[in-house]
1. Suppose the filter is over 30 Å from Gln62 (Cβ atoms) and crowded, with 19+ Cβ neighbours inside 10 Å; does Leu216 pass it?
2. Which members of region 233-249 meet the condition of being surrounded by fewer than 22 Cβ atoms within 10 Å (Cβ to Cβ) and within 26 Å of Val323 (Cα to Cα)?
3. Is it true that Pro229 is within 20 Å of the chain's Cα centre (by Cα), part of a loop (DSSP other than H, G, I, E, B) and within 28 Å of Gln401 (Cα to Cα)?
4. Any residue in region 123-139 that is farther than 24 Å from Ser376 by Cα and not in a loop (DSSP other than H, G, I, E, B)?
5. Of all residues in region 176-187, count the ones that are exposed (fewer than 14 other Cβ atoms within 10 Å of the Cβ) and at pLDDT 95 or above.
6. Scan region 1-41 for residues that are among the acidic types (Asp, Glu) and either closer than 27 Å to Gln332 by Cα or crowded, with 18+ Cβ neighbours inside 10 Å (or both) and jot them down.
7. Which of the residues that make up region 103-116 are surrounded by fewer than 20 Cβ atoms within 10 Å (Cβ to Cβ) and in contact (Cβ under 8 Å) with a residue 24 or more places away in the chain?
8. Could you give every pair whose Cβ atoms fall below 7 Å, whose first residue belongs to region 306-320 and is assigned by TED's automatic domain parsing to the domain that holds Val454 and over 19 Å from Ser431 (Cβ atoms), and whose second residue is modelled with pLDDT of 95 or more and in a helix (DSSP H, G or I), counting only separations of at least 6 or pairs across chains?
Amino acid sequence: MTTIVWFRQDLRVSDNPALFKAAQEGPVLPVFILEEAEHSGDTHPLGGASKWWLHHGLAALQESLPGLVLLRGDARVLVPWLVEQADANAVFWNRCYEPHAIDRDAEIKAGLKAAGVRAESFKASLLHEPWEIETKSGGPFKVYSPFWRAAQAKTVEAPLPAPKKIDIVPFSGGLRLADLSLLPAKPNWAAGWETLWQPGEAGARGRLRAFLKDGLQNYGDLRNRPDLPNVSRLSPHLHFGEISPRQVWHETRQHTQGNDRLEKDGQKFLSEIAWREFSYHLLYYFPTLPSENWRPTFDAYPWRESEADLRKWQTGQTGYPIVDAGMRELWQTGYMHNRVRMIVASFLIKHLRLHWRHGEAWFRDTLVDADLANNSASWQWVAGSGADAAPYFRIFNPITQAAKFDPDGAYIRKWVPELSGLAAPHLFEPSKAPSFVLEEAEVVLGQSYPLPMVDHAEARKAALAGYEDVKRMGQNAA
């Protein structure tokens, strides 16, 4: 009898528990279902950059599994239909943790079991299930550090190999990849991305090996430098499941074993993998995290509304070079360095006082690694409204942040080429540069490069004044 393996955020053949078990039991029908928001009930659907990645990730998976069936529609309808069409006796999948996915999967599993069809789900996207790590009192963690300590005390299972043999059942009722309409057109704003990224399982494994070889050494010190290559860039591969966190964990451990200095860098890198786990832990226990303040007192914050200001931030026209560099890198590559993500997020929230949900939505649409748990938890972390959040009164100064983390200005010059003639420190704050320096660099403020949208000191005062409303609400609630 046939087992349907329903692929979702696990676009790989190795360390794929659902596929591994199905292949052991007999014939397999692999299927991927593209669900639009109207089908899934997802209030945070795939953005454009994620769709681009998904297209190429599915193309890579089709090379590994030539019989992969592509469908589009409501999985609640299509999974039972596929069971009937394929005369399948079981459906296996690897778990997802988004709120709508949990509800959908529970409904499908109940329906299949009621019809006498085996339905089994597996852990494949996390090192540990959200419910496997709990406080001493039995509840969820709300602070990262004790969560990380608890996670380290648990054993990470070894990754599964790829099945030695997969007997794929032929099926003629699927769609072509092009029918899913995932790629941008008119205009193709992702032109050239194929030279920047290699979606798919092979690309993920290659990226991990390259990072361990060339980027891990001094990771603890240099990971905050956007001008240097000491980051893994594995996040989109992890999101789409082209590599598993177990594979990353064990390969990193193996690579660093016996080298004290490298082990320290490896431990720091794995702690970032654990931050991803913590975000999923929060999303599982607090499913309103993507849309509501985790700390209700932040409902009192007096946010501004300005479409014009939001647009300047989105397009990298704020007049603060490190912010503009990050936003342009994002638009041109589908990616932004993590340190710069914090800087641009702080600017939107605390300099412009625009709601973090605007930032979450823009990142979700433009990041190839857009991940509901990471994206929402991280935006709330910067805002101060989330779990274990940065204090609201910690307001990044984009000028000093640029000087500290892009000291030679290489990152800014790459993404804001109209300032390439300026040297540090004027590059970090062109509005304070002498007129002769600007003239020599052919920079005309307000024309070739914008004046600052806001004054840092004044914006900081306004942000802190709004924070007083949050404090008062907290005191009244107490």
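The values are calculated or read from the model by the stated rules, or taken from the named source; none is laboratory data. Note that the structure is predicted; figures quoted are calculated from it, not measured. Using ideal geometry, Cβ is built from the backbone for each residue, glycine included, and neighbour counts are taken over all protein chains shown.
1. For Leu216, the condition - over 30 Å from Gln62 (Cβ atoms) and crowded, with 19+ Cβ neighbours inside 10 Å - is met.
2. Arg233, Leu234, Ser235 - these are the residues of region 233-249 that are surrounded by fewer than 22 Cβ atoms within 10 Å (Cβ to Cβ) and within 26 Å of Val323 (Cα to Cα).
3. Spelling it out, Pro229 is indeed within 20 Å of the chain's Cα centre (by Cα), part of a loop (DSSP other than H, G, I, E, B) and within 28 Å of Gln401 (Cα to Cα).
4. no
5. Count: 4.
6. Asp10, Asp15, Glu35, Glu36 - these are the residues of region 1-41 that are among the acidic types (Asp, Glu) and either closer than 27 Å to Gln332 by Cα or crowded, with 18+ Cβ neighbours inside 10 Å (or both).
7. Within region 103-116, Asp103, Glu107, Gly111, Ala115 qualify.
8. Leu310/His358; Gln314/Met327; Gln314/Trp362
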